[in-house]
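Q: Please read through the structure below; I'll follow up with questions.
The values are calculated or read from the model by the stated rules, or taken from the named source; none is laboratory data. Being a predicted model, the structure only gives us computed values, none of them experimental. Counting neighbours? That spans all protein chains shown, and the Cβs are built from the backbone with ideal geometry, glycine included.
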Amino acid sequence: MRIDGFELPCTATAVFVLHYVFVDTFAVGAARTPYQLKYPFTTETEDAKMLEPFIRALRAQQNQVEQAWAFFLAMWVCAVFVDPIFAGCCAWIWVPARMAYGYMYRVSPSRNRLMWATVPAYLAQATVCGGILSSALPLAHLVSVTTSTLIVVAFGAYGWLVYRPWFGSFVVEEKKRLQNQLIPS
């Protein structure tokens, strides 16, 4: 059975699932070994600092679970009811961005570095949802690109307003950290 027109969404889904199972999930198990953390415990060790790599791997894996269901649900609705090529292209932005996010989080969860993977993933998510909403609106065929763009911008602005206090405190913390690095002890 062929999946004509749905190759991009299908391959993006398969690649993400394989990456999730064989990289994100295995990374959590691999991070247990050096610290001899027995299942099901995640925090029982004498040196809490030693747990940091394990906790990063666990958090990256959990974050993938938190994000994947929402994206793939929207991507498949968009693929079936709007356009599979459009949805697949968005998926091929989202999947590598999420893969990079997981890797960066496991290596070093610097908020600055994580933004490079998070922003494209959220833009792809918003674009897929914008495509769905714009196709559901009256006269969508006339204004679908404009409507989709406005929806993405509106949700982006909403997200910025919600997370602005967090981001503002991050900027202040980052400036302090950089100043402390420049001032010799």
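Q: What number of residues within region 67-96 satisfy the criterion of being farther than 12 Å from Gly131 by Cα and without any contact (Cβ under 8 Å) to a residue 40 or more places away in the chain?
A: Result for region 67-96: 4.
Residues are listed down the side, and each one gets a yes or a no for (1) of a type in the set (A, V, I, L, M, F, W, C); (2) surrounded by 13 or more Cβ atoms within 10 Å (Cβ to Cβ); (3) in contact with a strand residue (DSSP E or B) (Cβ under 8 Å, 6 or more places away or on another chain); (4) at pLDDT 85 or above:
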position	(1), (2), (3), (4)
Ala27	yes, yes, no, no
Pro40	no, no, no, no
Gln67	no, yes, no, yes
Leu73	yes, no, no, yes
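Q: Among the residues of region 106-119, is any assigned to a helix (DSSP H, G or I), modelled with pLDDT of 85 or more and more than 27 Å from Leu133 (Cα to Cα)?
A: no
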